[in-house]
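Heads up, the thing below is written out as structure tokens.
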Amino acid sequence: MAITTVLVFAASLQNEFVDWDDLMNFTTNPYFRGLGWTHLRWMWTTFLLGHYVPVTWMTLGLDYLFWGMNPAGYHLTNVLLHSANAAVFYLVARRLLGGATSAGMKGDLPALQLSAAFAALLFAVHPLRVESVAWVTERRDVLSGLFYLLAILAYLRDSETTAHVGMRHRVWYWVSLGCFILALLSKAIAVTLPIVLVVLDVYPLRRLGSEAGGWWGPAARRRWAEKIPFVFGSALVVPVALVAARSAANLLPIAEVGIFDRLGISLYGLAFYVRKTVVPLGLSPFYELGAPILPLSVPYVVGGLLVAVITGLAVRVRRRRPAVGAVWLVYAVTLLPVSGMLQNGPQISADRYSYLPSLSLAVFAGASALVCWRASDGRHRGRSLAFFMTGVGVLVVTFLAFLTWKQVGVWRDSERLWSHALAVAPSSVAHDHMGYVRRLQGRWAEANEHYRRASAMRPDAVDILVHWGAALVQQGRLGEAITLYREALRITPHSAVAHYNWGNALLGAGELEEAIAHYREAVRLEPGGAEAYSNWGRALALQGRREEAIAKYRETLQIKPLSVPHYNWGNALFVAGELEEAIAHYREAARLDPTAAEAYNNWGRALAQQGKWVEAVAKYREALRIRPDYPLASANLDYALLQVENARGR
């Protein structure tokens, strides 16, 4: 299972960090880069982008120690974790299928193994897994998934112990609880595990319910009691997860999305992931939640009808086919944290949300295969039928693996990702991100058109107006940019980001006093806005107010260890002739941002001023390695090399 999964996802090692949270999480984030005390403190206290995932951050910090900022290493870890999940899920599926069949594991071992393998591969190589594996930001999915599956496997092992073993000696129970805690600290979506364990106790373990002496007999009470630590863990994490989501303004309020709307979104989601599991075509990194929400429109009504039909079927066959109800209940429960009942962000669904819910669907597919296998044994020419069924299973898995391989390529880089998104599911978010891609490429007409379309789709989206304004500033269209910032502040008067970007526009135009006024307002609205303090300091430095500028840089670094304020602080010291202190700040700027070519160039200039030409040459070369088309560094390098040659000639 693991090797097959590695081969299917191996192409993701060529993928880059993409403009879909990767930039904020990794390329501009110095906090996760290592496992020192300051890094660990940040990892265990941060709610960055609305998530509390300290264990996930620790694995990413470990990646940095091995790989630096090479994305291939981070992708490799994701692939290995997902491959481990495939192997663990095979063991889980084999135990579940063995417990659900009357023949047990011994009588139908080959069929049981093949059916469990089919379930594991359906889960592992399905195209819906690509978002969780090929996107570095979603390390939290594969890591929490591993601990989630290990917790279930350990619980199943514990269920095989005798009822007379005391709690202290039930090693597998405590392993299960420990893995569950690690899963919660990797991603809060694991909170559903206690309910899943109760369902497993009912079926297939049959440790709760009428066949186990009722729901409240002595044995049943022990089963309920052993869930208390799991429930307690979930109860501790849920408030933290909600606070994290609120800190990023991800949770939409009831006033904006009503109860009836949320119910419609939830029913749509329940049907959506079943449909995409069966027909995994047209997958996108973003499925936009349309506005206004119309719960009685066709997509919502069809989703509700499908959910009603499946639920009715599960209830109808609950005695003869309890597996149907168990699978459907686990699927619905594991999807609940990311359903519309807790609407989180502007998306109506997301491929990554299917990672845990798909486990129950895969087990159901494996159970269906097992039923067919066992039925073929008693038929005429049953062996031929068994071979035929195996061939069909291989074809299904191969087809899914091919689709997954293609989908992995979609995540190669930002341009491919958002081009694909616009082709299959056009949205304001996709246009906004594609505008940023074109902006980096200097293709201004296309960038403006994407921002225009994004804004037309969501006229009240302040973030789109701000991004468009920043692009216009780069084009020298200051007046148009300010018009957009003014509109953003009309929509959201307390938008710190609009004031910050307006200040940037004025700073670039040399209107320093007005820029400072907007930076002042930005930090008043958002005291933790380190970037606003940094640029405020730069504006002061341009006014010749060196000491005030340094004070702002110092305030910036107290909030967040950014590269830019160190670079600007170094520049202020360089102008003042304090070269050693300037070099110390350039060194720190380069450490925080290894791609900061300007820091290396000015570091070289400071060394040159000291007559250290050989060392200056090394810094200029480093700047050109980062940015080969850097004319200032190239000219500085030529001059430094000439000085080195002259020194040797003398």
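The values are calculated or read from the model by the stated rules, or taken from the named source; none is laboratory data. Quantities reported herein were computed from a predicted structural model and do not represent experimental measurements. Quick reminder, even Gly has a Cβ in these numbers, built from the backbone with ideal geometry, and neighbours come from all protein chains shown.
At-a-glance table
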item: Qualifying positions in region 40-58 - touching a helix residue (DSSP H, G or I) at 6+ places or on another chain (Cβ under 7 Å) and surrounded by fewer than 19 Cβ atoms within 10 Å (Cβ to Cβ); result: TRP44, PHE47, LEU49, GLY50, PRO54
item: Flag if GLY469 is assigned to a loop (DSSP other than H, G, I, E, B) and either within 25 Å of HIS499 (Cβ to Cβ) or in contact (Cβ under 8 Å) with a residue 12 or more places away in the chain (or both); result: no
item: Some residue of region 555-576 being more than 33 Å from the chain's Cα centre (by Cα) and surrounded by fewer than 15 Cβ atoms within 10 Å (Cβ to Cβ); result: yes
item: Looking only at region 577-604, and only at residues there that are farther than 18 Å from GLU615 by Cβ and in contact with a helix residue (DSSP H, G or I) (Cβ under 6 Å, 6 or more places away or on another chain), the one that is surrounded by the fewest Cβ atoms within 10 Å (Cβ to Cβ); result: THR595
item: Filter pass, GLY61 being assigned by TED's automatic domain parsing to the domain that holds PHE147, in contact with a Leu (Cβ under 7 Å, 6 or more places away or on another chain) and either within 30 Å of TRP373 (Cα to Cα) or not aromatic (Phe, Trp, Tyr) (or both); result: yes
item: Spans of helices (runs of 4 or more DSSP H) in region 571-650 with at least 1 residues charged (D, E, K, R) and outside the structural domain of LEU542 (by TED's automatic domain parsing); result: 597-609, 613-626, 631-649
item: Top-ranked residue of region 274-320 - restricted to ones that are of a type in the set (Ser, Thr, Tyr) and buried (at least 19 other Cβ atoms within 10 Å of the Cβ), ranked as nearest to LYS406 (Cα to Cα); result: SER284
item: Failed item, numbered, when LYS619 is tested on (1) surrounded by 15 or more Cβ atoms within 10 Å (Cβ to Cβ); (2) more than 28 Å from PHE32 (Cα to Cα); result: (2)
item: Residue list for region 537-550, filter: of a type in the set (A, V, I, L, M, F, W, C) and surrounded by 15 or more Cβ atoms within 10 Å (Cβ to Cβ); result: ALA539, LEU540, ALA541, ALA549, ILE550
item: Residue in region 317-330 that is closer than 24 Å to HIS82 by Cβ, of a type outside the set (Ser, Thr, Tyr), assigned by TED's automatic domain parsing to the domain that holds PHE123 and modelled with pLDDT of 90 or more present; result: yes
item: Residue in region 66-73 that is in a loop (DSSP other than H, G, I, E, B) and touching a residue at least 40 places away in the same chain (Cβ under 8 Å) present; result: yes
item: Qualifying positions in region 414-428 - surrounded by 18 or more Cβ atoms within 10 Å (Cβ to Cβ) and within 19 Å of the chain's Cα centre (by Cα); result: SER414, LEU417, TRP418, HIS420, ALA421
item: Selected residue [of a type in the set (D, E, K, R), in contact with a His (Cβ under 8 Å, 6 or more places away or on another chain) and without any contact (Cβ under 8 Å) to a residue 60 or more places away in the chain] from GLU588, GLU578; result: GLU588
item: Residue check, TYR31 outside any helix (DSSP H, G or I) and farther than 21 Å from VAL142 by Cα; result: yes
item: Candidates LEU7, LEU23 - the one that is part of a helix (DSSP H, G or I), within 29 Å of PHE123 (Cβ to Cβ) and without any contact (Cβ under 8 Å) to a residue 12 or more places away in the chain; result: LEU7
item: Within region 424-463, considering residues that are assigned to a loop (DSSP other than H, G, I, E, B) and out of contact with any Phe, Trp or Tyr (no Cβ under 6 Å at 6 or more places or on another chain), the one nearest to ALA498 (Cα to Cα); result: ALA461
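One line per residue, one yes/no per condition, for (1) touching a helix residue (DSSP H, G or I) at 6+ places or on another chain (Cβ under 8 Å); (2) at pLDDT below 90:
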| site | (1), (2) |
| --- | --- |
| LEU156 | yes, no |
| MET167 | yes, yes |
| PHE180 | yes, no |
| ALA188 | yes, no |
| ARG206 | yes, yes |
| GLY209 | yes, yes |
| GLY217 | no, yes |
